[in-house]
Amino acid sequence: MLDWTQPLRHATFYKAVYRPAVLRANRLTPTARLSAHQSFHSLRHTYASLCLDAGIRPIDIAELMGHRDVKTTLTVYAHLINTDDHTGNMAALGALSDPATTCAPTRAERRSRRGRPRSRPPAPAPAR
């Protein structure tokens, strides 16, 4: 029996709590084959990864994980944070090639300007 009022020794926790829980989960959910050799620390990574995926701010995750500084969280999980596929940027670039969204005048606009006199700045005076 574990005494939860005392700090747990690593080996005791694995033997009495973690490993039996993994084996029980495998028995109850055969489709979720968890390795009995999977470390408890990997659950921390899974938890943090799921928090990031859920949109929780890295600073809040750092506090939940007990990291002294948010830089630790950002360093360890940067590969999950920097997943921008740049679709917004690519869409903006694609819009540049779409005649309906560009600033260039259309053929009809160019034709309508032909009849109007162009407004040009006055020519500079010749130098003497």
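Each value in this text was obtained by applying a stated rule to the coordinates, not by laboratory testing. Please read all numbers here as calculations on a predicted model, not as lab measurements. Ideal geometry is used to build each Cβ from the backbone, glycine not excepted, and the neighbour counts take in all protein chains shown.
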The residues H86, H67, sorted from fewest to most surrounding Cβ atoms within 10 Å, come out as H86, H67
Quick one: Cα centre-to-centre distance for region 37-76 and region 10-34, in angstrom?
22 Å
Computed E for V76/L23 - FRET, C-beta separation, R0 41 angstrom, nearest 0.05
0.90
Given a Förster distance of 41 Å, the FRET efficiency implied by the Cβ-Cβ spacing of A91 and S39, rounded to the nearest 0.05, works out to 0.45
